[in-house]
Amino acid sequence: MRSYMVSGCSRGIGFELVRQLADSKDDIVIFASARSCNNPKFQELLDQHPERIVYVPLDVTDQVSIKNAAKIITSKLDGRGLDVLINNAGVLTYGLVEEISTTLGSISQQSINRHVTAPSYKVTKAALNMLTVLYANELEKEGFTIFCVSPGWLKTDLGSDNADLPVEVGVKSILEILHEIGRDRNGQFLNIHVPGWENAPGMNQYDGKEVPW
């Protein structure tokens with residue numbers, strides 16, 4: 001049985017990641033972390049898959065909450081290591097780590113994205129990108145594979161209805177990358193691939209290639 005932890009699951013990309021993983025035919029257990037399960041859709045998803053999804057209360061800004069979440073996961077795994085962490089809300093540990101970043105955090109593409117007025121978002125994602133490379137370099141010899149994925153501009157609460165893609169399309173591509181990833185991708189920044197969007201006009205293209213830092 002393969003184990004996943006997905007952070008930031010109560011809505012948006014995190015919610016859809018858990019939903020698609022839970023609907024797969026794979027033999028898996030999903031640790032779905034969020035500050036609370038007050039979102040009715042999230043609670044409904046938990047109720048639909050009680051054998052596959054374990055809710056883990058987690059506030060990534062609170063060290064006590066992080067330690068308690070680790071205890072819950074460790075006890076449920078019963079001595080086995082966690083296989084995959086999909087970092088959607090700012091925590092970093094375990095063997096295969098997929099960081100949800102954005103092309104807005106690419107310094108090289110700032111000239112393209114300069115009209116997007118979200119400086120704090122860009123800066124924090126650029127920092128996440130650097131953190132990914134640092135950990136990828138430091139932990140490579142221990143067998144870790146750590147990489148970033150830009151999920152595209154998705155129709156979430158953050159992305160708005162004006163975004164390019166339905167959230168389920170972006171998440172499907174994120175999971176395809178995750179399932180196909182190899183050690184040769186350690187420390188890379190990857191774009192999702194959406195057929196028909198490889199050479200789309202405008203700001204965003206989804207070609208499945210590496211994103212420049």
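Summary table below
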{"item": "Distance (nanometres) between label positions extended 7 Å along Cα→Cβ at ASP23 and ASN113", "result": "2.8"}
{"item": "Per residue, in Å², the accessible surface of the chain once ligands and nucleic acids are set aside, probe 1.4 Å", "result": "53"}
{"item": "Helix 12-23 axis, angle to the chain major axis (alpha carbon atoms, nearest 10°)", "result": "60"}
{"item": "Nearest 10 degrees, 0 to 90: helix 119-139 Cα axis against the chain principal axis", "result": "60"}
{"item": "Degrees between helix 63-77 axis and first principal axis of the chain (Cα, 0 to 90, nearest 10)", "result": "60"}
{"item": "Calculated FRET efficiency for the pair ARG11/ASP161, C-beta based, R₀ 22 Å, to 0.05", "result": "0.90"}
{"item": "Sulfur and carbon atoms: percent of accessible area, the range 64-213 [1.4 Å]", "result": "54"}
{"item": "FRET efficiency for GLN43 and SER120, using Cβ-Cβ distance with R0 set to 25 Å, rounded to 0.05", "result": "0.20"}
{"item": "Rounded to 5, the percent of DSSP beta bridges in the chain classed as antiparallel", "result": "5"}
{"item": "Alpha carbon centroid spacing (whole Å) that separates the range 8-66 from the range 183-198", "result": "25"}
{"item": "Separation of the HIS179 and ASP62 label points, Cα + 7 Å toward Cβ, nm", "result": "3.6"}
{"item": "Contact order relative to length of the chain, as percent, for alpha carbon pairs under 8 angstrom and 6 or more apart", "result": "17"}
{"item": "Among 51-57, 202-208, the order from most to least packed when residues are scored by Cβ within 10 Å on average", "result": "51-57, 202-208"}
{"item": "Estimated [θ] at 222 nm from DSSP helical runs (n ≥ 4, -39500 (n - 2.57)) normalised by residues in the chain, nearest 500", "result": "-11000 deg cm²/dmol"}
{"item": "Low-density loop positions, trypsin sites (Lys or Arg not before Pro), the range 82-174 - DSSP coil, at most 11 other Cβ in 10 Å", "result": "ARG114"}
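The values are calculated or read from the model by the stated rules, or taken from the named source; none is laboratory data. Given the structure is predicted, the values throughout are model-derived calculations rather than measurements. Ideal geometry is used to build each Cβ from the backbone, glycine not excepted, and the neighbour counts take in all protein chains shown. Accessible surface areas use protein heavy atoms only, side chains included; no ligands, DNA or RNA. Shrake-Rupley method; radii C 1.70, N 1.55, O 1.52, S 1.80 Å.
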